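Down below is the structure, laid out as structure tokens.
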Amino acid sequence: MGIGDFLKRGVSEMMVARPDSAKEYAIYKHPDQTIPTVAQLTVDSDEVAVFFKDGKVVGTLPPGRHTLKTQNIPFLSNLVDSFTGGNVFIAEVFFVSMRQFAGVKFGGRIGSVEDPKSGVPVETSVYGDFALQIKSPEELILGLVGMRQADNESFFSWFKQQVLKVIRDQIAELIVKQKWPLLDVVSGAYTEEICDTVLQGVVKYVGPYGVAIAQMGNFVISIKEDDEANLKKLYTDAAYVRMAGGMQGFQQFAAGKAMLGAGEGMSKGGGEGGGGGGGNSMLGGAALGVGFGMAQMFGQQSTAMNQPQNAPAAQAGYPQSAPAQGAPGALQGASTPAGQASTGAGVTCGGCNKVVAPGKFCAECGAALALKPKFCANCGFKLESGAKFCPECGAKFE
């Protein structure tokens, strides 16, 4: 080795710092555990240097330039290698960034979540980004070095998984407890509430490692387009059911819809068989007609079931319809006053309640029968006294 190479190696060993290529790393480990005494350690303004040996943190150095001497830094005495005559420190040095790392992207599957409004399980996913900040470098080194995740890629990957785990649990729990319809969730209506809940829930998972998730950004919960279209259709059907009147209305709606679907299926299914295009067209039209007819029938049944029963036609105080002309017991020209009933050969007198022969006066008590209103025996129309023809139907009276 020439003197130039020796001097070059000596200078590099005397300077300990984070290289420019690792400036964006949250955590950077100096590759050489052997550090000469009196070496110059440079710590950037947004980081700290952590000395780690035998499974524990020995000490930390703040931003600035430090000469590594036991006289200047007392904890270095625990790192001196006696086999080198006290000229070398043996330790792992980590440079830990204290600034906030924004835009850390994450994403993945939440799983099958049951939509509270329809009861249908739907496959759900989430993606977005978050901001991460290291609060305690000592806890971070102890936690991650013990799991052998000191490199930058492993560091971010591990925390992404922790955040995603909390998101899965919290979203599923919120949807079930709050009964949030999935279409409202994927529309972003509850994004703020979900983000706040996730930030609170993730603390117990990342806090012990000296890390905090500062905020969530571009937070999106999504479902497949087919599932979204299916939920929209189910929501629409549910609205029809409510308008149809509960379970009974639902049964009528479902039956009508089934018949319409059957008719449409018959019309489409007939297109592959023999018989020519004209026959298939006729079959399709007939099938759709059957479907619409059955749906209309169910609708009429539903309407009839929801209407009150008609009151009896004959009530006290209202005239009874007289039998048609030519019917047995019909009296041509006889009147049927209110409160009186015709009995074949006569009428009941309103004065004595006895059945007497038709006429102007009651044969029993002499009450004037002719003064009471007369009704057409053919159509029941009320007649004026002395009328010979019915002004409603034209029937003639004897």
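What follows draws every value from the coordinates through simple rules; no lab data is involved. As the structure is a computational prediction, the values presented were derived from the model and not from experiment. Here the Cβ is made from the backbone with ideal geometry for all residues, glycine too, and neighbour counts use every protein chain on show.
Compute the length gained on full extension between Val355 and Val220: take 0.36 nm times their separation in residues and subtract their Cα-Cα distance, giving the result in nm to one decimal.
Here the answer is 39.6 nm.
If you average the C-alpha positions of the stretch 187-227 and of the stretch 93-149 separately, how far apart do those two centres end up, in angstrom?
Each part reduced to its Cα centre gives a spacing of 9 Å.
Counting pairs of Cα atoms in the stretch 153-245, how many percent are more than 20 Å apart?
When all Cα pairs of the stretch 153-245 are counted, 48 percent exceed 20 Å.
Once the piece of chain linking Lys382 and Ala229 is laid out straight, how much longer is it, given 0.36 nm per residue of separation minus the C-alpha distance between them?
Computed gain between Lys382 and Ala229 is 48.6 nm.
Could you tell me which of the pairs Lys29/Lys69; Lys105/Lys177; Lys53/Lys160; Lys23/Lys165; Lys354/Lys382 are separated by over 26 angstrom between their Cα atoms in the structure shown?
Table pairs above 26 Å Cα-Cα are Lys105/Lys177; Lys53/Lys160; Lys23/Lys165.
Using label points projected 7 Å from each Cα along Cα→Cβ, tell me how many nm separate Lys23 and Thr42, to one decimal.
Output for this residue pair reads 1.1 nm.
Any idea how far apart Tyr127 and Asp54 come out in nm if each label point goes 7 Å out from Cα toward Cβ?
4.9 nm
Testing the spin-label approximation: label points 7 Å from Cα along Cα→Cβ at Ala367 and Lys204. State their distance in nm.
9.2 nm
Short version: ³J(HN,Hα) in whole Hz for each residue of the stretch 221-238, in order, from phi by Karplus 6.51 cos²θ - 1.76 cosθ + 1.60 (θ = phi - 60°), x for Gly and Pro, what are they?
The phi angles translate into 9, 9, 10, 5, 4, 5, 5, 5, 5, 5, 5, 4, 5, 5, 4, 5, 4, 4 Hz.
Please list, in chain and number order, the residues 5+ apart from Val122 or on another chain whose amide H is under 5 Å from its amide H, with Hs placed from the backbone.
Residues meeting the criterion, in which the H sits 1.01 Å from N, are Val113, Glu114, Asp115.
Report the Cα-based extents of the stretch 100-228 along its three principal axes, largest first, to the nearest Å.
49, 22, 22
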